[in-house]
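Taking it in order: structure first as structure tokens, then the write-up.
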Amino acid sequence: MEKAKISASQLFILMVLFELGSALLVPLAIDANQDAWLAIMLGMIFSFVLLFVYHKLYLYYPDLLFTEYIQRILGKALGTVLAFLYILYFMYDASRVLRDFGEMLLAFAYPDTPLFIANALLMLVIIYTVRKGIEVIARSGELLFIFMYILAVAGFILIVSSGLIDFKNLQPILEDGLSPVLKVVFTQTLYFPFTEVIVITMILPYLNNSKKAKVTMLCATGLSGINLIITMLINVCVLGVSLTARSQFPLLSTVQTIQVADFLERLDVFFMLALIITTFFKICVLFYAAVVGTSNLFKVKSPSRLSYPLGLIILFLSITIASNVQEHIHEGLKVAMLVLHIPLLTIIPPLLLLVAFLKNKKQQQEKSFE
């Protein structure tokens, strides 16, 4: 671990930017049709339970990284294997977000540019930022967070001013009952993007006031959830369910429809900046977690040495992860959810907490007998 500290407000900003990340790009929870916003809201609410699990684990080991206290809980052999699996997961997740960024850039701005070039340019900036440490990442987030929200508010005002919103597209609510919505919640929105914030357990030891961790985590998840709900409501109201489902990047399609007084139009370039900011920070946080986790696991004294080799692995993985966009989306929403997200984000952490609780209780009983 580097000797650095971040404030609760910086952690809050990093979490919001992380959770918005690539979730703003894709048609999130569109399998629930016009009730997509409800699936996002329920996913956010249910994720609070797992946030309490992550926070409780942090309270048991406030000065250790997630990959460190896994080894304390499970023992050296099993703990090392599981810690390594989480590092691989962070790298895999970072490569998926990088692929999302590259596909967006090529689809809307640079169709003739090779995907490798687009991804490599962003990855070079991320490597440079991560080498500077968590404090630089947090301070950069503070600056760009304000800029991103200015763009978001401006976009909302312009969409409303354009008269594009049709609330009839949201009807009927719960047409097929609650079960289709719950299916989407427990197969998609609970994991992406909300419980992905398990990666924040690799940053919590740097927090300068551990007492503010729980409130910060809950508030950040709440704000990002509200933002995603509003975004999905706007997408469905403007584009309709069918077009939102068919669109690869519905938010940008929505922004492209803005036309105010035959003067303000084709504003998607400006709002691509906001999407680039969120994806940049999501990759940054995942990549940083992978770097410090690997450094700690393999006893590398200077984590910055690992940034280039791990960065290259993420870059090449983002290119080879799927042969086309459809395969990439299918792998993310179906395969990765079942194979990675469910066990690593929702099953293993509660089991770790149970073992940590029993160990802590046993230690307290032994001390009381002494």
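The values are calculated or read from the model by the stated rules, or taken from the named source; none is laboratory data. Everything quoted here is computed from the prediction, not taken from an experiment. Every residue, glycine as well, gets a Cβ built from its backbone with ideal geometry; the counts of neighbours run over all protein chains shown. Quick note on the areas: whole protein, heavy atoms, side chains included, nothing else; ligands and nucleic acids left out. Shrake-Rupley method; radii C 1.70, N 1.55, O 1.52, S 1.80 Å.
Computed with every protein chain present, the accessible area of residue 355 is close to 50 Å² [probe 1.4 Å].
Can you tell me how the stretch 1-77 classifies by the Cα gyration tensor, rounded, prolate or oblate, using a/c under 1.5 as the rounded cut? Kindly include the intermediate steps, with their values, before the conclusion.
Values: a/c = 2.63, a/b = 1.82, b/c = 1.45.
Prolate is the answer for the stretch 1-77, as a/c is 1.5 or above and a/b outweighs b/c.
Scalar couplings 3J(HN,Hα) for the stretch 341-349, obtained by applying the Karplus form with A = 6.51, B = -1.76, C = 1.60 to θ = phi - 60°, are 4, 4, x, 6, 9, 10, 9, 5, x Hz; x denotes Gly and Pro.
So if we plug the beta-carbon distance of residue 330 and residue 246 into 1/(1 + (r/R0)^6) with R0 = 22 Å, what FRET efficiency do we get, rounded to 0.05? Don't skip to the answer; put the middle values down first.
Details: r = 15 Å, r/R0 = 0.68.
According to the calculation, E is roughly 0.90.
Values of log10 I(q)/I(0) for the stretch 91-214 across q = 0.23 Å⁻¹ run -1.30, by the Debye formula with one identical scatterer at each alpha carbon and no solvent. Here the accessible area of the chain is 66 percent carbon and sulfur, with a 1.4 angstrom probe and all protein chains present. Amide H contacts under 5 Å for residue 322: none, restricted to partners 5 or more places along the chain or on a different chain, H placed in the peptide plane at 1.01 Å from N. Label-to-label distance for residue 360 and residue 166 is 5.4 nm, based on points extended 7 Å past Cα in the beta-carbon direction. Converting phi to 3J(HN,Hα) with the Karplus coefficients 6.51, -1.76 and 1.60 and the offset θ = phi - 60°, the stretch 38-46 yields 5, 5, 5, 5, 5, x, 5, 5, 5 Hz in sequence order, with x at every glycine or proline. Taking the longest Cα principal axis of the chain as reference, the axis of helix 268-297 is set at about 10 degrees.
For the chain, which semi-axes, largest first and in whole Å, follow from the square roots of 5 times the eigenvalues of its Cα gyration tensor? List each step's numbers first, then the result.
Values: eigenvalues 249, 112, 71 Å².
Sorted largest first and rounded, they come to 35, 24, 19 Å.
Per-residue SASA remark: residue 219, around 70 Å² accessible (1.4 Å probe; ligands, DNA and RNA not included). Extension gain, residue 59 to residue 304, is 85.4 nm, computed as 0.36 nm per intervening residue step minus the present C-alpha separation.
Apply the a/c threshold of 1.5 to the C-alpha gyration tensor of the stretch 53-99 and tell me whether it is rounded, prolate or oblate. Don't skip to the answer; put the middle values down first.
Numbers: a/c = 3.32, a/b = 1.56, b/c = 2.12.
In terms of gyration-tensor shape, oblate.
When nucleic acids and ligands are ignored and a 1.4 Å probe is applied, residue 337 ends up with an accessible area of around 10 Å². Less than 5 angstrom separates the built amide H of residue 207 from those of 6, all sequence-distant by 5 or more or on a different chain. Using just its DSSP H runs of length 4 or more, each adding -39500 (n - 2.57), the chain gives a mean residue ellipticity at 222 nm of -22500 deg cm²/dmol after division by all residues.
Spin-label model, residue 156 to residue 125: label points 7 Å out along the Cα-to-beta-carbon direction sit 2.5 nm apart.
The translational diffusion coefficient of the stretch 213-325, from Stokes-Einstein at 4 °C and 1.567 mPa s with a Kirkwood hydrodynamic radius over alpha carbon pairs, comes to 74 µm²/s.
Ordered from longest to shortest, the equivalent ellipsoid semi-axes for the stretch 158-261 are 32, 19, 12 Å, each the square root of 5 times a Cα gyration tensor eigenvalue. Protein-only accessible surface at a 1.4 angstrom probe places the residues 134, 313 in the order 313, 134, largest first. Of all lysines in the structure, those lying under 27 Å Cα to Cα from residue 183, and not within fewer than 8 positions of it along the same chain, are 168, 282, 334.
Spatially, the stretch 3-34 and the stretch 186-230 are offset by 8 Å when compared through their Cα centroids.
Sorted by accessible area (1.4 Å probe), largest first, how do 35, 112 line up?
Details: 35 10, 112 150 Å².
Result of the area sort, largest leading: 112, 35.
Using a 1.4 Å probe and counting only protein heavy atoms, arrange 96, 246 so the residue with the most accessible area comes first. Could you put the intermediate results ahead of the total?
Details: 96 25, 246 165 Å².
If we order 96, 246 from most to least accessible, we get 246, 96.
Entry comment: accessible area of the chain is 45 Å² per residue, from protein heavy atoms only and a probe of 1.4 Å.
Let a ≥ b ≥ c be the square roots of the eigenvalues of the Cα gyration tensor of the stretch 1-138; is it rounded (a/c under 1.5), or, if not, prolate (a/b larger than b/c) or oblate?
Values: a/c = 1.83, a/b = 1.29, b/c = 1.42.
Verdict is oblate for the stretch 1-138.
For the stretch 3-9, the Karplus equation 6.51 cos²θ - 1.76 cosθ + 1.60, evaluated at θ = phi - 60°, returns couplings of 8, 8, 9, 10, 8, 5, 5 Hz by residue, with Gly and Pro reported as x.
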